[in-house]
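> Handing you a structure now.
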Amino acid sequence: MTVHTTFDSPIGPLLLVGEVSAEPGGPTALAWLTMAGQKNAPAIRPEWEHRPAAFAGITAQLDAYFAGELTGFDVPFADSGTGSEFKQRVWDALMAVPYGTTTTYGEIARRLGVPRAEIRALGAAIGANPVSIVRPCHRVIGADGSLRGYAGGLERKRELLTLEGALQPMLG
């Protein structure tokens, strides 16, 4: 059964969509975690049940993350069929980028053995990440240190990286 809720975060409301475990009391597997206005975010469907309690473990981790108390998530992901084998490899590489650090598209490509000609496909796979924040696509930046391509918007990317200490707060 697909369930959903919203979570009020410092970067705006987040939509959480998941699959309820078949075993009673089992965890909800996260299928989507998106921000308001995010590109490719799902719309709530009538058949999805609004069930905030199903996300208690995930929202507790999000609270701790935004409070600066959590540096890594322990969340089961739903196998929603949203990713090809290539996307799954890229998404696994995102999970290896430590809290408080950044990496580049080129570095991920090198780690995965992706040829230079396929960097655009790598960027598209990163942009198709259905579980923002938890799978930290915001930690990928341009080779020149610039913030690039974030489905939730570059200002939110900046806020997340600043929260993690990977960027200095902007003055002004």
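> Rounded to the nearest whole Å², what accessible area per residue is found for the chain with the 1.4 Å probe?
Each residue of the chain exposes 52 Å² on average to a 1.4 Å probe.
> How high is the relative contact order of the stretch 16-59, in percent, counting Cα pairs under 8 Å that sit 6 or more residues apart?
Once divided by the residue count of the stretch 16-59, the mean separation gives 33 percent.
> Sticking with this one: Would you calculate, for the chain, the mean residue ellipticity at 222 nm contributed by helices, counting each DSSP H stretch of 4 or more residues as -39,500 (n - 2.57) and dividing by all residues, to the nearest 500?
It lands at -8500 deg cm²/dmol.
> Using only the alpha carbons of the stretch 73-140, determine the length spanned along each of the three principal axes and report them from longest to shortest in whole angstroms.
Principal extents (largest minus smallest coordinate, Cα): 32, 30, 15 Å.
> A further question follows. Could you give the length gained by full extension between A36 and A53, i.e. 0.36 nm per residue of separation minus their alpha carbon distance, to one decimal place?
Difference between extended and current length: 4.0 nm.
> Per Stokes-Einstein, at 37 °C and 0.692 mPa s, what whole-number D in µm² s⁻¹ belongs to the chain, with the Kirkwood radius over Cα pairs as the hydrodynamic radius?
197 µm²/s
> Please report the spacing between the Cα centers of the stretch 108-129 and the stretch 1-70 in Å, no decimals.
27 Å
> Something else: Could you check how much of the accessible area of the chain is carbon and sulfur, as a whole percent, using a 1.4 Å probe?
53 percent
> Normalised by the number of residues in the chain, what is the relative contact order in percent for Cα pairs under 8 Å and 6+ residues apart?
22 percent
> Taking the Cα-to-Cβ direction at S21 and at E155 and moving 7 Å from each Cα, how far apart do the two end points lie in nm?
In this crude spin-label approximation the distance works out to 3.9 nm.
> When DSSP assigns beta bridges and you keep just the ones with both residues in the chain, what percent turn out antiparallel, to the nearest 5?
In the chain, approximately 70 percent of DSSP beta bridges are antiparallel ones.
> Relative contact order for the stretch 95-149: what percent, with Cα pairs under 8 Å and sequence separation of 6 or more?
Normalised by residue count, the contact order of the stretch 95-149 is 44 percent.
The values are calculated or read from the model by the stated rules, or taken from the named source; none is laboratory data. What you see is a predicted model, and the numbers here were worked out from it, not measured in a lab. Note that each Cβ is placed from the backbone with ideal geometry, even for glycine, and that neighbours are counted across all protein chains shown. Areas reflect the complete protein model, heavy atoms only, side chains present, ligands, DNA and RNA absent. Shrake-Rupley method; radii C 1.70, N 1.55, O 1.52, S 1.80 Å.
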